[in-house]
Amino acid sequence: MTSTNAQALILFAHGARDARWAEPFQDIAARMRARHPTWQVELAYLELMQPDLNTAVANIVANKHEAVTIAPLFLARGGHLREDFPKLLSLVAAQHPNLKINTTDALGDSPQMRESIANWLDANTAEQSAIW
């Protein structure tokens, strides 16, 4: 994966103490790798899990990518995306000044994601769900 023509993608999630929490994000990363076998797809976490964003970016740079897209897998643009994420991006950019860093919006900023959630709600509220 040392081709500078291949895409590099980092999926950036919050992190949690329970390792099972990461399973949906690991699945998304695996799906992206399957869809785009020439891409380098990394998963990184803000806190409580590894790798962190700096480590994921270092992996991208080690494979000689000149650009990376970082997709924050947060439903909304809360404090972590408004405050913590820009600080992390500044640190990473300073450490890797030759790397072009692109970012996507939060998941909930996407009209397609909102529509998908509404469709999911329609499908899952038509029948009564089990009570916890």
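Looking only at segment 62-82, decide whether some residue is touching a Phe, Trp or Tyr at 6+ places or on another chain (Cβ under 6 Å), among the small types (Gly, Ala, Ser) and at pLDDT 95 or above. No - not one qualifying residue is present in segment 62-82.
Scanning segment 73-88 for residues that are within 12 Å of VAL57 (Cβ to Cβ) and surrounded by fewer than 16 Cβ atoms within 10 Å (Cβ to Cβ) yields no hits at all.
Against the condition within 12 Å of the chain's Cα centre (by Cα), open to solvent by 80 Å² or more (accessible area, probe 1.4 Å) and on the phi < 0 side of the Ramachandran plot, how does GLN95 come out, does it pass? Taking the combined requirement at face value, the residue does not satisfy it. Only residues that are open to solvent by 20 Å² or more (accessible area, probe 1.4 Å) and either on the phi > 0 side of the Ramachandran plot or under 11 Å from the mean Cα position of the chain (by Cα) (or both) were counted in segment 10-31, giving 4.
The residues of segment 32-49 that are among the hydroxyl-bearing types (Ser, Thr, Tyr) and exposed (fewer than 13 other Cβ atoms within 10 Å of the Cβ) amount to a single one, THR38. Take ASP109 and decide whether it is open to solvent by 70 Å² or more (accessible area, probe 1.4 Å) and either among the charged types (D, E, K, R) or under 17 Å from LEU11 (Cβ atoms) (or both). Taking the combined requirement at face value, the residue does not satisfy it. Is it the case that ASP52 is surrounded by 15 or more Cβ atoms within 10 Å (Cβ to Cβ) and either of a type in the set (Asp, Glu) or at positive phi (or both)? Yes, satisfied. Listed by first and then second residue, the pairs linking a residue in segment 59-82 that is part of a loop (DSSP other than H, G, I, E, B) to a residue that is loosely packed, with under 15 Cβ neighbours inside 10 Å and of a type in the set (Val, Ile, Thr), with Cβ atoms under 7 Å apart and 6 or more places separating them unless they lie on different chains, are ASN63/THR2; LYS64/THR2; LYS64/THR4; HIS65/THR4; GLU66/THR4.
Restricting attention to segment 42-57, the residues that are touching a helix residue (DSSP H, G or I) at 6+ places or on another chain (Cβ under 8 Å) and either farther than 23 Å from ARG31 by Cβ or modelled with pLDDT under 95 (or both) add up to 1.
The values are calculated or read from the model by the stated rules, or taken from the named source; none is laboratory data. What you are looking at is a predicted structure, and each value in this text was computed from that prediction instead of being measured. Positions of Cβ are backbone-derived with ideal geometry, glycine not excepted, and every protein chain shown enters the neighbour counts. Side chains included, ligands, DNA and RNA excluded: accessible areas come from the protein's heavy atoms. Shrake-Rupley method; radii C 1.70, N 1.55, O 1.52, S 1.80 Å.
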